[in-house]
Amino acid sequence: MSESLVIKGFDGARKLAGSVRVTGAKNAALKAIAGTILFRDEVTLSNIPEINDVERMFELLSLLGANVAQKKRGVYEVLVPKTLSTTMTPEIAKRFRGSVVATGPILARFGRVSFPHPGGCLIGSRPIDLFIEGFKNMGATVHLKDSVYTVTAPEGGLRGATFFLKHQSVTVTETFMMAATLAKGTTVIKNAAMEPEIEDLANFLNTCGAKISGHGTPTITIRGGKLLSGKGHTYKTMPDRIDAGSFLVLGALAAKELTITDCNPLHLEALIEALRTAGVHIETTKNTIVVRAGNKAYTGVGIKTHEYPGFPTDLQAPMVIFLTQAEGESMVFETIFEGRLNYVEALSSMGASIVTMDPHRVLVRGTTSLKGRNLKSPDLRAGLAFVIAAVIAKGESVIHNVDTTIDRGYEDIEDRLRAIGVEVERVRDQSAS
Ligand code: EPZ
């Protein structure tokens with residue numbers, strides 16, 4: 001039985017107002033949870049978003065033998081025992097890409113890990129060749145049988161190594177940054193990803209005894225050492241910049257004035273710059289963003305997604321919704337994932353004028369009025385973009401399979417939408433999705 005969101009469109013009227021609190025970042029929390037495997041004692045994690053992927057990650061750790069205790073909403077204590085199973089449960093690991101980062105810590109600490117090709121969204125093939133090459137680079141041997149990889153560390157444990165990543169993959173960078181904290185000797189990761197979630201993770205691991213430097217730059221150096229200790233430290237998940245950016249786009253299109261709190265505008269400079277260029281009135285403080293309606297039409301702006309600090313691929317879909325309401329032609333170039341424009345066909349069925357130039361580029365013509373439709377979100381980010389489109393459309397929209405897409409990454413989505421004025425209900429789908 002899947003679940004849908006039924007949304008009443010405001011046909012372009014600016015009816016939203018008030019403030020919305022940004023949650024802890026999914027793509028920071030998942031890695032901090034995996035990082036608890038590197039600790040010899042209990043680790044306290046706070047501001048953890050209550051979302052499906054996080055539940056899956058805790059379930060994965062529990063099934064391996066870790067003790068996971070929820071202290072209260074968003075606060076968990078994890079204790080990984082001296083012996084842990086090293087076989088990741090395929091049914092869970094396949095459901096989300098984030099599970100792959102646990103392979104590094106498990107291998108580094110216990111000398112072995114076996115895992116299926118990790119899952120994720122329909123946004124791209126999501127290869128793992130860089131993980132396999134990286135494990136071998138640190139001295140491990142890799143066997144593949146029945147699409148399950150079994151990786152074994154050399155005698156004496158993983159050896160520090162130098163990497164040059166042919167893609168600035170975030171999860172590859174994080175997996176080897178964590179594995180290297182327990183390896184023998186020094187590891188250097190060149191062409192590393194620079195996402196703020198990586199910097200945040202490294203800062204936390206360093207307060208607990210790791211020796212990581214260069215995080216947030218293209219070259220990260222890690223000096224291997226002992227197990228870490230969480231004693232006296234509580235990890236606080238950083239704000240989710242994609243959650244914040246999604247509400248910022250919604251506010252720009254449908255609010256008289258919307259305040260976004262508990263966020264970090266410094267992590268959203270590419271989006272804020274693009275929206276201001278299009279004519280959106282945005283004011284920021286250290287941890288809030290205020291977006292206000294202006295009296296002029298927005299103008300189109302070209303977007304090219306890029307590794308951080310460039311325009312985030314996870315905000316590409318919400319931005320395309322915005323561009324359907326901006327005057328003129330806007331070229332959108334999705335450079336990271338080959339399947340991340342799949343949703344534009346459904347958007348066109350709502351009335352958007354979008355020309356697909358090639359699998360990585362679309363031309364958006366605005367402004368067009370959108371009509372409510374029955375929509376099926378291909379991934380969690382396009383799912384949230386459909387929510388934005390449904391709010392500005394004329395008539396009612398139904399967004400299906402919310403439980404397997406939007407709920408993966410957005411906490412209490414309908415409550416937070418309703419609190420700022422969106423007319424939304426969650427319903428159980430009679431029909432199979
Ligand atoms: C992280 O994925 C995020 N996921 C993604 O968020 C996010 O879109 C992406 O970073 C970019 O910011 C998590 O943190 C869990 P990849 P990442 O699969 O970097 C190539 C969301 O919606 N590659 O590594 O781990 C790959 O083909 C998700 O929250 C290889 O070639 O993504 C792609 O071109 C979606 N071989 C690039 O790297 C490999 O072994 C990044 O892909 C691994 C990756």
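Bear in mind these aren't lab numbers, they're just calculated from the coordinates by the rules spelled out. Bear in mind the structure is a predicted one, so any value in this text is a computation, not a measurement. All Cβ positions, glycine included, derive from the backbone under ideal geometry; neighbour counts span all protein chains shown.
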- Item | Neighbour net charge for LYS166 - beta-carbon separation under 10 angstrom, K R +1, D E -1 | -2
- To the nearest 20 debye, what charge dipole does the chain have about its Cα centre, counting +1 at the Cβ of each Lys and Arg and -1 at the Cβ of each Asp and Glu? 720 debye
- Message: What number results when the radius of gyration of the range 325-433, computed over Cα atoms, is divided by 2.2 N^0.38 Å?
- Response: 1.10
- Message: What is the distance in Å between the Cα centroid of the range 358-413 and that of the range 1-63?
- Response: 19 Å
- Where only alpha carbons of the range 220-336 are counted, the Rg and the Dmax (Å): 17.3, 59
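At 20 °C and 1.002 mPa s, what whole-number value in µm²/s does Stokes-Einstein give for the translational diffusion of the range 26-222, with Rh from the Kirkwood sum over Cα pairs?
For the chosen part, D equals 130 µm²/s.
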- Percent of Cα-Cα pairs per 10 Å bin, from 0 to the last occupied bin, for the chain, please list those. 5, 22, 31, 24, 14, 4, 0
- So for R0 = 41 Å, FRET eff. of ASP11-SER125 from the Cβ-Cβ r, to 0.05, ends up at 0.55
- Item | DSSP beta bridge pairing in the range 132-210, given as percent antiparallel to the nearest 5 | 55 percent
- Message: What translational diffusion coefficient, to the nearest whole µm²/s, does the range 139-208 have by Stokes-Einstein, given a Kirkwood radius computed over alpha-carbon pairs, a temperature of 10 °C and 1.306 mPa s viscosity?
- Response: 119 µm²/s
- Message: Charges at C-beta only: +1 for Lys and Arg, -1 for Asp and Glu. How large is the resulting dipole of the range 26-222 about its Cα centre, in Debye rounded to 20?
- Response: 300 debye
- Calculate for the chain the 222 nm mean residue ellipticity that helices alone would give, adding -39,500 (n - 2.57) per DSSP H run of length 4 or more and normalising by residue count, nearest 500 deg cm²/dmol. -8500 deg cm²/dmol
- Task: Any chance you could run the full-extension gain for ASP358 through LYS82? It's 0.36 nm times the residue separation minus the Cα-Cα distance, nm to one decimal.
- Result: 94.2 nm
- Cα to Cα, under 22 Å, and not fewer than 8 places away if on the same chain: which lysines meet these conditions relative to LYS71? LYS26, LYS31, LYS231, LYS236
- Item | 26 Å Cα-Cα reach of LYS296 towards lysines, excluding residues that sit fewer than 8 places from it in its own chain | LYS8, LYS15, LYS256, LYS304, LYS371, LYS394
